[in-house]
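Data first, discussion second: the structure below is written as structure tokens.
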Amino acid sequence: MTKTIRRSGERVRWWTYVLLGLAVFACLFPLYWMFVVATTDTATATRLPPEIAPGGNFFHLAGLVFTTVPFVRSIVNSLIVAGTIAVGHALLCSLAGFAFAKLRFPGRNVLFLIVVLTMTVPTQLAVIPQYMIISSLGWVDTLQALIVPGLASAFGIFWMRQHLSTTISDEILQAARIDGATTWQIFWRIAFPLVRPAAFVLGLLGFVTAWNDFLWPFIVLKSPEMYTAQIAIKALQNNYNIDLGLAMSGSFLATIPLLVLFVFVGRRMVAGIMDGAFKG
């Protein structure tokens, strides 16, 4: 085993590290450039050749962000919306995926086909009927208008259905039924723990998608105290000119929670996936 590991390590060439370094640079440079612009004014940000060193106005511009819009409240609103959607994605999509993968009921294949076909419909086409439903419920300018439509998705159901189909055998479920387990007990005690890494990844994707969403919150949110982070960034700009430093300061501040999330939760995600792989 040791010889195999050493031989596989010897096959790594220097250019592999160069390519990996370039990939890391390509991923991190936009974040660095956003911070550079967030520390300067518009004139400096648009200068050619561009400035690549950070300026000294970040704290001043960050203070303007908090005084121009209720940014802290917007961050809290985004955390509430994105966190609830992440949990809903992990649980509801797992339940639906379990039903499509392991339960037998009339019309199962037709319903699953309809769910998959909805993935081909552009999101923008659903804005008008979705707004009509939200308006009839009296949810305009509320956080539930953002949370409820995003609690589950066709992609999430498809994702969990595929994982449940390939991870859990029918013999295990039949043995559990013989032992007297109910359908809910089978899902919660047997199926969900086995696909928890996949559900965790799905919840993380749902969190990031909800955090970065702009179109739907921009349509349904009216009052500043209900703004999410992306709408608060939009409120930093006016219709005639854009202060790039101020806008990028808000964007950088709104990105910090995502960076913190990936620093802490990303490790747990990888550890959970590896743990599931070794158990399998």
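The values are calculated or read from the model by the stated rules, or taken from the named source; none is laboratory data. It should be emphasised that the depicted structure is a prediction, and the values quoted were computed from it without experimental measurement. Counting neighbours? That spans all protein chains shown, and the Cβs are built from the backbone with ideal geometry, glycine included. Keep in mind that these areas ignore ligands, DNA and RNA; they rest on the heavy atoms of the full protein, side chains included. Shrake-Rupley method; radii C 1.70, N 1.55, O 1.52, S 1.80 Å.
With a cut-off of at least 3 residues that are under 30 Å from residue 55 (Cα atoms) and at pLDDT 90 or above, name the helices (runs of 4 or more DSSP H) lying wholly within the stretch 200-280.
It comes to 229-235, 244-279.
Tally up the residues in the stretch 140-166 that are surrounded by fewer than 17 Cβ atoms within 10 Å (Cβ to Cβ) and either in a helix (DSSP H, G or I) or modelled with pLDDT under 90 (or both), please.
4
How do the helices (runs of 4 or more DSSP H) wholly within the stretch 28-131 filter down when requiring 3 or more residues that are open to solvent by less than 40 Å² (accessible area, probe 1.4 Å) and either under 30 Å from residue 167 (Cβ atoms) or acidic (Asp, Glu) (or both): which remain?
The helices (runs of 4 or more DSSP H) meeting that bar are 71-102.
For the stretch 172-201, give me each residue that is in contact (Cβ under 8 Å) with a residue 40 or more places away in the chain, of a type in the set (A, V, I, L, M, F, W, C) and open to solvent by 50 Å² or more (accessible area, probe 1.4 Å).
Passing the criteria: 194, 200.
Check the stretch 10-24 and report whether any residue there is small (Gly, Ala, Ser), open to solvent by 60 Å² or more (accessible area, probe 1.4 Å) and modelled with pLDDT of 80 or more.
No: zero hits.
Based on what the data block shows, is residue 73 of a type in the set (Lys, Arg) and closer than 23 Å to residue 261 by Cα?
yes
Those residues that are in contact (Cβ under 8 Å) with a residue 12 or more places away in the chain and not polar (S, T, N, Q), I need them from the stretch 113-127; list them, please.
115, 116, 119, 127
If a residue must be touching a residue at least 12 places away in the same chain (Cβ under 8 Å) and out of contact with any Leu (no Cβ under 9 Å at 6 or more places or on another chain), how many such residues does the stretch 252-267 contain?
Residues meeting the conditions: 3.
If I go through the stretch 209-232 residue by residue, how many of them are touching a residue at least 60 places away in the same chain (Cβ under 8 Å), exposed (fewer than 15 other Cβ atoms within 10 Å of the Cβ) and not polar (S, T, N, Q)?
Of the residues in that region, 4 qualify.
Just to be sure I understand, how many residues within the stretch 186-199 are at pLDDT 90 or above and in a loop (DSSP other than H, G, I, E, B)?
Of the residues in the stretch 186-199, 0 are at pLDDT 90 or above and in a loop (DSSP other than H, G, I, E, B).
Looking at 66, 71 in this structure, which one is at pLDDT below 95 and over 28 Å from residue 205 (Cβ atoms)? Let's see the steps before the verdict.
Values: 71 fails: over 28 Å from residue 205 (Cβ atoms).
Answer to the selection: 66.
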